[in-house]
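Student: I am attaching a structure below and will ask some questions about it afterwards.
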Amino acid sequence: MATTPTLTGERIRLVPLGPEHAAALFESLHDPESMRLTGTHRTFTRADIDAYCASRAEQDERLDWVIEDAVTGEYAGGIAVNDIDADNETAGFRIDLIETYRGRGLGPEAIELMLRHLFDEVGVHRVDLEVYAFNPRAQRSYEKCGFVVEGRMRESLLWDGQRVDTIVMGLLRPDWLARRSV
């Protein structure tokens, strides 16, 4: 993958993550609910985030987007395609929305934009994700986009003294194409 393109939907825009997004990303990474939903134990410094955002244009092994409100340009979250396996035509992704943008249907819109790019432009055959069992809202959003539960990794996350299962979900290109033609 050479560059991360800008993708535009009805209510959001996916724009390449860059240095101009460091402050908003830093703030989102310190939101306790975002940390819980993503299983993030690590505490990032502002210097960590500044360096990461500055490095995105130089890499080509993953796609990092900021989810922006199409009207205001406000930071709404992020979506990243990682674990790309070109030999097997597979990729994994993660998504997070800041609190004020959760529950508004923007996650599925961002995922659909990403899927269209991965299946139509990049040429992957399979996209997968992991979601924690304490996040059924996200699981429903993924199912809305066509993902199906493929398995469960039992007690794979330790959060606040509780062991939590990870649900593995996947979507194949033929299934995605079939949904589009309906």
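Student: Tell me, what does the Kirkwood hydrodynamic radius of the chain come to in angstroms if you use every pair of distinct C-alpha atoms?
Tutor: Across the chain, the inverse of the average 1/r is 16.9 Å.
Student: Rounded to the nearest 0.05, what FRET efficiency do E10 and R140 have when you use their Cβ-Cβ distance and R0 = 22 Å?
Tutor: With a Förster radius of 22 Å, E is 0.65.
Student: With θ set to phi - 60°, apply the Karplus curve 6.51 cos²θ - 1.76 cosθ + 1.60 along the stretch 40-49 and write out the HN-Hα couplings as whole Hz, x wherever there is a Gly or Pro.
Tutor: With coefficients 6.51, -1.76 and 1.60, one gets 8, 8, 6, 9, 9, 8, 4, 4, 4, 5 Hz.
Student: When ligands, DNA and RNA are left out and all protein chains stay put, how many square angstrom of accessible area per residue does the stretch 1-116 have with a 1.4 Å probe?
Tutor: The answer is 50 Å² per residue.
Student: Which order do peptides 69-76, 96-103 fall in by mean Cβ count within 10 Å, highest first?
Tutor: Descending mean neighbour count gives 96-103, 69-76.
Student: Assuming a viscosity of 0.692 mPa s and a temperature of 37 °C, what translational diffusion coefficient in µm² per second does Stokes-Einstein assign to the stretch 109-182, Rh being the Kirkwood radius over Cα pairs?
Tutor: Roughly 248 µm²/s, to the nearest whole number.
Student: If I compute solvent accessible area with a 1.4 Å probe over the protein chains, what percent of it on the chain is carbon and sulfur?
Tutor: Ligands and nucleic acids excluded, carbon and sulfur give 49 percent.
Student: Let me ask something else. Evaluate E = 1/(1 + (r/R0)^6) for D69 and E155, where r is the Cβ-Cβ distance and R0 equals 45 Å; express this FRET efficiency to the nearest 0.05.
Tutor: FRET efficiency, D69 to E155: 0.75.
Student: How high is the relative contact order of the stretch 63-145? Use alpha-carbon pairs under 8 Å, at least six apart in sequence, and give a whole percent.
Tutor: 24
Student: Oh, and also: Mind ranking 55-62, 112-119 by how tightly packed they are, going by the mean number of other C-beta atoms within 10 angstrom, highest first?
Tutor: Going from most to least packed, we get 112-119, 55-62.
Student: Could you report the accessible area of V148 in Å², rounded to 10, computed with a 1.4 Å probe on the protein chains as they sit in the structure?
Tutor: 80
Student: Please report the antiparallel percentage of DSSP beta bridges with both residues in the stretch 25-182, rounded to the nearest 5.
Tutor: DSSP beta bridges in the stretch 25-182 are roughly 90 percent antiparallel.
The values are calculated or read from the model by the stated rules, or taken from the named source; none is laboratory data. The structure displayed is predicted, hence computed values, not measured ones. Note: ideal-geometry Cβ built from the backbone for every residue, glycine included; neighbour counts use all protein chains shown. These area figures cover heavy atoms from the full protein model, side chains too; ligands, DNA and RNA do not enter into them. Shrake-Rupley method; radii C 1.70, N 1.55, O 1.52, S 1.80 Å.
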